[in-house]
Structures are given as structure tokens and as C-alpha cells.
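The values are calculated or read from the model by the stated rules, or taken from the named source; none is laboratory data. This structure is a prediction, so every number in the text was calculated from the model and none was measured. Using ideal geometry, Cβ is built from the backbone for each residue, glycine included, and neighbour counts are taken over all protein chains shown. Ligands, DNA and RNA are stripped out before the accessible areas are found, and what is left, the full protein with its side chains, is counted by its heavy atoms. Shrake-Rupley method; radii C 1.70, N 1.55, O 1.52, S 1.80 Å.
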Amino acid sequence: MEAQPLTLGAEESGWQRLKEAADRRPALTALIILGVAVIVMVAAKGLHLVAQTGLNGLSLGAIYALGAVGLTLVYGILRLVNFAHGDFLTFGAYMAYLVNVTWGLPLAVGVLFAMLATAILGVTFELIMWRPMRARRAGLLQLLLMSIGLALVIRSAIQFVWSTDVRLLDVNVTSSVTFLGLRIGRTQLTVIAIGFVVIIAVGLMLRQTLLGKRMRALADDIDLAETSGINTSRIVLYTWVLAGSLAGLAGVLDGAVTSLTPEFGFQLLLPIFAAVILGGIGDAYGALAGGMLLGIITEWSTMFVEAKWKIAVGFVALIVTLIVRPQGIFGKAKAI
């Protein structure tokens, strides 16, 4: 009679220990789960197909990650849910189009111009909108509505100048390379390379430089950071520079492998939000990891469902993650 309760108690104790271990090392737990999923997919679909779709997912993941890190830093520091962030990506892509197609200059010049122009756009709206509203102690709802309005203004301005026609950057989308039996377009490979280099650089900047440490300090507790002598106003401006430049770069990279329309940044916004939440809201490293993970999962899903459903599969993965770990993979267990 007593054996069954003891057995149930041992099972519950073992499950609790396993859950606590997973909570202590969420990144390792996520890698283990991902590894098991890869083994299952390889057994079901073959190594080549899994590797090919995973390679395609890296370019999408890089775009998500670059967009997500700026969005999560702005939220972490300013508690601003910036619904205009997707249109920052659109703005950057069209700035590159202006330089690359209209002016006929190399795309590399267009990328730099797009990053600079989008960074200036972010700083401008910080000075004329967000900072005055914070000084007036505007609430979350007011700021949210303002960001939605700003998104519509940017989108309408782009439509006014460039219309709603589909436009393409001057890139070679037909050339491809093959290695280890895998085939990928040269432009897509360039997107992956640039994305990885910038992601690593951003990660190192946030961890190693004084500016990065101060940004993370503001994201943890802006009042404490200000008390400790950090010039929070300046760091906020630097945050907008970083968020804007990365958004501009992400927009150009996505436009290089797809096409440009005034709505394409808005279409990317939901997956970018999903990457932020998956990694942990307010955590820059989580946003980078969440973006890459979401991009790869999204592409892997095309082995099992039609491509039109792949975004939905990404959100299913997000929902499952939040059920198990509501604060996201890297997020801290506190109220958001």
C-alpha cells in the first residue's frame, strides 16, 4: 500500500530535479532538444535534405536575429514596444535601392547608406517623439499607439515616393555555389556570411566594450544605472543608432534575397517579435539566438508541411517554448 505513494513521490522528485536543471542551463537544454530533433529528422528525411533546408534557414535566421536584437534592446532599455521597427527595415531596404538602383552605385555602398540613414531615422524620432513623451510620463498604451502611427507614416511615405510596385535590388540571384553536395545562391551565401559576422560583432560589443556593458546595465535597471553615474540619455541615443543600423542592414539583406514592397518590413515584424520572445524579452543575446533558431525551425518545417505554413510552425514552436518556459530561453524569471 505504501509502495505506490513512494514511487510517485520519487517520480515527482526526479521530474522536479530535471526541471530545475533545465532552468539552470536553458541554453544547453535547448541545444539538447534541438539535437534530438535533428536526429529524428535525419532518420525520417535523410541528412542531405535536413542540411539543405537548415542552410536555407541560416539566411532567414540571420535576418530575424539582426532585426530582433535592436527591437529587444529598445524594449529592454525604454520599455517601448516599437511597432515601427518593421518599417525601419523597409526604410533601410529602400535607401539601399535608392543608392544601388536609382544612383547606380554598388550595393555595398547602398548597405552602408541604408544603415546610416536608418540610424539617423531612429535618433531623430527619439529626439522629437520618444524623449518628450517620456518626459511627460506617457504610459505604455500611449507609446504603443504612437509606434503604430509612426509605422503607418513611414509606410505611407515610402508608398508615396516609390509606389506599391515590387522592386528588386541589383544583385545576382541566379548564380549559385555547391559544396558538400549542398547548393545555395551566391547572394544567399553572402547574406549568411554578413549576418554571422555582424551577429558575432554585436555579441562581442555587448559583452566586451564599455558601451555594450552600459547598454546591458540600462536594460537590467535604468534607474540604478543612472544612479551609478551612467549618462543614460547618451546611451539611449547609442541604442537607437545600433537598433536603427541593424534594422537597416536586416532590411537590405532580406530585400537582396526576396523583393521590395512597402509592406515587407511589416510582414517581417511578427517573426522578429517571435524571435525576441523566444530568446527572452529584453535579452540581446537571447534575441540573437532566438532569431537564428526561429529561422532554422521555420525552414525545417517545409520538409513536413507546405511552405505557406512555415511561419505558423515557427509560432507553434514559440507557443510550446513559452508553455514550458514563459520567460523565453534566456529570459529571467521576472515580470515583463
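Per residue, the accessible area of segment 237-336 comes to 39 Å² when a 1.4 Å probe rolls over the protein heavy atoms. Here segment 194-260 is treated as a sphere whose radius is the Kirkwood value from Cα pairs; by Stokes-Einstein at 25 °C and 0.890 mPa s it diffuses with a coefficient of 185 µm²/s. Between the residues Leu268, Val316, Gly280, the greatest Cα displacement towards the positive end of the dipole of segment 245-336, with unit charges on the Cβ of Lys, Arg, Asp and Glu, is found for Gly280. Computed from the alpha carbon atoms alone, the convex hull of the chain holds 169 Å³ per residue. For Ser176, nonlocal amide neighbours, meaning residues 5 or more places apart or on other chains whose placed amide H falls under 5 Å from its own, are Arg186.
To put it simply, the accessible area of segment 53-109 at a 1.4 Å probe is 73 percent carbon and sulfur.
Working note: Cα gyration tensor of segment 217-336, eigenvalues times five, square-rooted, sorted largest first, giving semi-axes of 30, 21, 9 Å. Around the Cα centre of segment 95-220, unit charges on the Cβ atoms of Lys, Arg, Asp and Glu (plus for the first two, minus for the last two) sum to a dipole of about 520 debye.
Exactly which trypsin sites (Lys or Arg not before Pro) in segment 269-336 are in a DSSP loop and have at most 16 other Cβ atoms within 10 Å?
Passing both the DSSP loop test and the Cβ count: Lys332, Lys334.
Summing -39500 (n - 2.57) over the DSSP H runs of n ≥ 4 in the chain and dividing by its residue number, what mean residue ellipticity at 222 nm do you reach, to the nearest 500 deg cm²/dmol?
Roughly -25000 deg cm²/dmol at 222 nm, from the helical runs in the chain.
Be a star and scan segment 288-320 for residues whose amide nitrogen sits under 19 Å from the point 7 Å along the Cα-to-Cβ vector of Leu31. 288-297, by backbone N distance to the label point. Note on segment 49-130: Kirkwood radius taken over Cα pairs, Stokes-Einstein applied at 25 °C and 0.890 mPa s, translational D equal to 171 µm² s⁻¹. Nonpolar atom fraction for segment 142-275, defined as the carbon and sulfur part of the 1.4 Å probe accessible area, stands at 62 percent.
With N counted as the residues of segment 63-187, its alpha-carbon radius of gyration over 2.2 N^0.38 Å works out to 1.28.
Taking the Kirkwood radius as Rh and the Cα radius of gyration as Rg, segment 101-251 has a ratio of Rg/Rh equal to 1.05.
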